[in-house]
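Engineer: Mind looking over this structure? Questions follow.
Since every read-out is calculated from the coordinates, none of them should be taken as a lab result. As the structure is a prediction and not an experimental result, all values here were calculated from the model. Because the Cβ atoms are built from the backbone with ideal geometry, glycine has one as well, and the counts that use them run over all protein chains shown.
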Amino acid sequence: MPSRLLVLTCLVLCACPPAEPPPPEPGPLQAAVATRRLDIPIGITMGGYARARPSDEPGSPWARQMPASRGLHTEPTVRVIVMTNGLTRVAFIRMDTTLISSTLRARTQAALKAAGESANVFMHATHSHSSPARIMPPARLGGPTGTDFVSLVMDHYDAEVEDRMTQAIVAATVEAFANLKRVSVGVASVDGSDFNNDRRCENDPVYGANFRDTAFTVLRLDEVDDSGAPVKPLTAMLHYPMHGTVLGSENTLVSTEITGAVELYSGDLLGVPVMFVQGAAGDVSPKGSPFGHDALQGLERQGRAAAVLVKQAFDAAAPGTAKAQSRLDFRERGVTLSREAMGYAEGEFPEFGGIQCAAGGMSAVCGSIKSTPAEVSCLPLEPRRPPFKTAMTLVRVDDVAFVSSPGELGTGLSRKFHSTLAPLGATTVFAVGYSQDHYGYLLEEDDWLRGGYEPTVSAWGWRFGPYLLTELEQFVATVDDAQPAADVAALPAVEARTRTDSTGPARVVTEPLDGQRLTTHVFEFEGGDPGLGAPQVSLEVEQGGAFVPVQASATRVVVNGPELILRYAATPTFKAQPTATARRFVWSVQFETLPTTPLATYRLVAKGRIKNGTESDYSLISRGFVVSASTSADQRAAARFTADGRLALEVRFPPNPTEHASNRDDPVKNFRVRDADADPREGARVKGGTVNATLNGAATTLTWSDTERAYVSEPQSSAGLFTVEVAANGLTDGAGNHNGLALSATATR
């Protein structure tokens, strides 16, 4: 009997499966950041606007339907912030592009997998309207031979452009994951209402006037020591809704636009790379300079001003001790794009989506007319079978949640996204526009049916926004369950262009000349085909008998823009001879000095690639050129009296409003901000230093007052008319500039 029990016990024990091992535990959060130039050739068309070809259009092998770009203001980049807690790997990929397409995302995922990187990707665009286009597959009207509607604002899809971007994405992602640091996370917000406008009056009856998000929200990552205590900042994410439309449709310079300017100057001020993360920008526009700076000056002025607020949020977001175990969840849900899934009745909306939808109506009061669904008419898009499932992505980093939106997110819908995520316990939500895919404007139904521009570029109509909200609600309710998989877009093959030979070797054509401050120094050289990459032009200054790089900030040297404007022209043009086997490629660099540019000897160094039968590198160095003090501190002298009886003398430098091309709204001169708080049409204020003058004939010295923003005398006891006169060179400002002309002004006390 005992032996029989022993046998039965053994059989029972052997039949029982071994205990399940406990699930792996998350570790501390690690992160890193890396940036790469997208290296898209000058000549590429720029996305976001419908652009007309000017009469002097030179053409480019990188432009098909829309005009070619002709220069570079700021280079588009990809910036990647990677995170892992030992269980999950996430790459936040910020692109200086108008949008994220399904093919760009699919090509990125395939390329990362080929490189051995398994990270989950969250891709989002800054939405610059001066960024490289040609990355969105066609959406044809009616059928496969219909007009490609996408090409009207993004030119025709080009797999080689997309492939070049993907190479940069992979390089940045791999670099970042190779340099992980343990981090702590902090979040804070400040009001940024001075930097965007409510542009959509049509929804005022729904939400009221000035309905928009205005917060600069910063997620800050600091490196920590072994105890988890923060030791230094690593990087930051900046969430804010802002349309990249400061530059107009006739601009020919590739630029990261206002979103890039805010990111750049914030990084300069903070001393760490900043990642701009778009918010609900579908119904906002960028607010211009209160002093009239426009075009490139507007980008710089507003970018620097915004950076001051970003720093306030960054400082307030200083994190505490890092957690030993951090939450990092990545979840994705495939959202079916079909008329039936969105709840349209048959015939109520085009079966495969529609575009150029007419809704609302003409009225003296914007938005007062709301269409019924039966009154809406749209141009149908070509069939797509089976329906595509786009990605809805949710990432949780401790108590911060990121949710993607495949298009231009409206504020009303965005706020409902926020409330829908409340059950997840997130204290901060980043509803990210222009992320993971793109289908135009994403609005609530009542908003959409009131018409305006936005519904004309909204591929799935008035039910799409509410449908996305319903899908998000289901996603949140089942977040820990298996989700429908998103589809992977088919990828057209890459057909690489042949790079054109240069007609001769790389050489200097025009040397920069010596000049006073406020001069624009020009350096021209023959180089290579833009398809070989944009030349990297750096500014160097002579120090101790050697030339060293000029620092734009403590963490950035001057290479290309925004400090240097790069332009390019080919002879013969592509338009004139599209099949030419050799061309003369002339690159021009413009360096505009400011009232405070350090007095020194400078030079420009251009490095690039050229093809003369075979490809090779080149390096060209300009002559040293001297920047001397300006003698133009002598414009528009004006006098007044202060409340305490002191005469105040205001003096200006010459006006420097942006100059545009004669035949289009294309900035060609006066790119830089001389004074952030003065109208460039009136001239920058002369600041600092002292003025040797006579006041009613008596010698006196005027000193600079920050409070009065003028040069002030001692208090005057008598009343009457006062005349202040300054002889030539009697004024020396804080940077050593002078008045070349005598000055005179009067004021009555």
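Engineer: Can you count the Lys pairs in the chain with C-alpha separation below 18 Å, eight or more apart or on different chains? Before the final figure, lay out the partial values.
Structural biologist: On the way: K181/K232; K181/K323; K232/K311; K232/K323.
Count of close lysine pairs: 4.
Engineer: OK, next. Compute the angle between helix 411-420 and the longest alpha-carbon principal axis of the chain, please, reported from 0 to 90 degrees and rounded to the nearest 10.
Structural biologist: Tilt relative to the chain: about 50 degrees.
Engineer: What Rg and what Dmax come out for segment 604-749 when only alpha-carbon atoms are used, in angstroms?
Structural biologist: 21.7, 81
Engineer: Next question, about the same structure. Please say if segment 501-628 is rounded, prolate or oblate, where rounded means a/c under 1.5 for a ≥ b ≥ c the square roots of the C-alpha gyration tensor eigenvalues, and otherwise the choice is prolate for a/b larger than b/c and oblate otherwise?
Structural biologist: Since a/c reaches 1.5 and a/b is larger than b/c, the shape of segment 501-628 is classed as prolate.
Engineer: Also, quick follow-up: Mind computing the radius of gyration and Dmax over the alpha-carbon atoms of segment 102-207? Å is fine for both.
Structural biologist: Values for segment 102-207 (Cα only, Rg and Dmax): 19.3, 54 Å.
Engineer: Could you tell me the distance between the Cα centroids of segment 178-201 and segment 603-668, to the nearest Å?
Structural biologist: 32 Å
Engineer: Can you tell me how segment 145-214 classifies by the Cα gyration tensor, rounded, prolate or oblate, using a/c under 1.5 as the rounded cut?
Structural biologist: oblate
Engineer: Something else now. Relative to the longest principal axis of the C-alpha atoms of the chain, give the angle of the C-alpha long axis of helix 102-114, reported between 0 and 90° and rounded to the nearest 10°.
Structural biologist: 80 degrees
Engineer: Here's something else I'd like to know. Nearest 20 debye, what's the magnitude of the dipole of segment 635-748 about its Cα centre given +1 on Lys and Arg Cβ and -1 on Asp and Glu Cβ?
Structural biologist: Charge dipole, segment 635-748, about its Cα centre: 180 debye, nearest 20.
Engineer: Can you give the FRET efficiency for E615 and Q65, using 1/(1 + (r/R0)^6), R0 = 25 Å, r = Cβ-Cβ distance, to the nearest 0.05? Display every interim value, and only then the final one.
Structural biologist: Numbers: r = 29 Å, r/R0 = 1.17.
It comes out at approximately 0.30.
Engineer: What is the P(r) of segment 251-313, as percent of Cα-Cα pairs per 5 Å bin from 0?
Structural biologist: The percentages, shortest bin first, are 4, 18, 26, 25, 20, 7, 1.
Engineer: Show me, for segment 457-472, the HN-Hα J-couplings you get by feeding each phi into the Karplus relation (A = 6.51, B = -1.76, C = 1.60, θ = phi - 60°), rounded to Hz, glycine and proline as x.
Structural biologist: Computed from phi, the couplings for segment 457-472 are 10, 9, 5, 10, x, 6, 8, 5, x, x, 5, 4, 5, 4, 4, 5 Hz.
Engineer: What percentages, rounded to whole numbers, describe P(r) for segment 397-472 computed over all alpha carbon pairs with 5 Å bin width beginning at zero?
Structural biologist: Calculated over all Cα pairs of segment 397-472, the distribution is 3, 17, 29, 23, 15, 8, 4, 1 percent.
Engineer: Now, a different point. Where both residues lie in segment 501-628, what percent of DSSP beta bridges are antiparallel, nearest 5?
Structural biologist: Percentage antiparallel, nearest 5: 90.
Engineer: Check which residues have an amide H placed less than 5 Å from N251's amide H, if you skip close sequence neighbours.
Structural biologist: none
Engineer: Along segment 336-341, what does the Karplus equation 6.51 cos²θ - 1.76 cosθ + 1.60 (θ = phi - 60°) give for ³J(HN,Hα), rounded to whole Hz, x for Gly and Pro?
Structural biologist: 5, 9, 8, 4, 5, 4
Engineer: What spacing in nm lies between the two simple spin-label points modelled at A747 and D194, each 7 Å away from Cα in the Cβ direction?
Structural biologist: The modelled label-to-label distance comes out at 2.5 nm.
Engineer: Students often get this wrong, so try it: which of (i) 64, 36, 22; (ii) 51, 29, 26; (iii) 50, 32, 30 is semi-axes √(5λ) of the Cα gyration tensor in Å as calculated from the structure shown?
Structural biologist: Here semi-axes √(5λ) of the Cα gyration tensor in Å agrees with entry (iii).
Engineer: Using alpha-carbon positions, what is the distance between the centroids of segment 689-749 and segment 228-246, in Å?
Structural biologist: Using only Cα atoms, the two centres lie 45 Å from each other.
Engineer: Moving on to the next point. Could you tell me how many degrees, from 0 to 90 and to the nearest 10, lie between the Cα long axis of helix 295-316 and the main elongation axis, the longest principal axis, of the Cα atoms of the chain?
Structural biologist: Tilt relative to the chain: about 60 degrees.
Engineer: Still on this structure, please answer the following. Counting Lys and Arg as +1 and Asp and Glu as -1, each charge on the Cβ, what is the dipole of the chain about the Cα centre in debye, to the nearest 20?
Structural biologist: That gives the chain a dipole magnitude of about 960 debye.
Engineer: Now for a different question. Please report, to two decimal places, log10 I(q)/I(0) for segment 270-348 at q = 0.17, 0.18, 0.23 Å⁻¹ as given by the Debye formula with identical point scatterers on the Cα atoms and no solvent.
Structural biologist: -0.94, -0.98, -1.27
Engineer: Tell me which of F591, G624, T573 sits at the most positive position along the dipole axis of segment 501-628, charges placed on C-beta atoms (Lys, Arg +1; Asp, Glu -1).
Structural biologist: T573
Engineer: Rounded, prolate or oblate: which fits segment 597-656, taking a ≥ b ≥ c as square roots of the Cα gyration tensor eigenvalues, rounded meaning a/c under 1.5, else prolate when a/b beats b/c?
Structural biologist: The shape class here is prolate.
Engineer: So, one more: Would you give the gap between the C-alpha center of segment 475-502 and the C-alpha center of segment 373-397, rounded to a whole Å?
Structural biologist: A separation of 16 Å, based on Cα centres.
Engineer: Could you work out [θ]222 nm for the chain from helices alone, using -39500 (n - 2.57) per DSSP H run of at least four and dividing by all its residues? Round to the nearest 500 deg cm²/dmol.
Structural biologist: -5000 deg cm²/dmol
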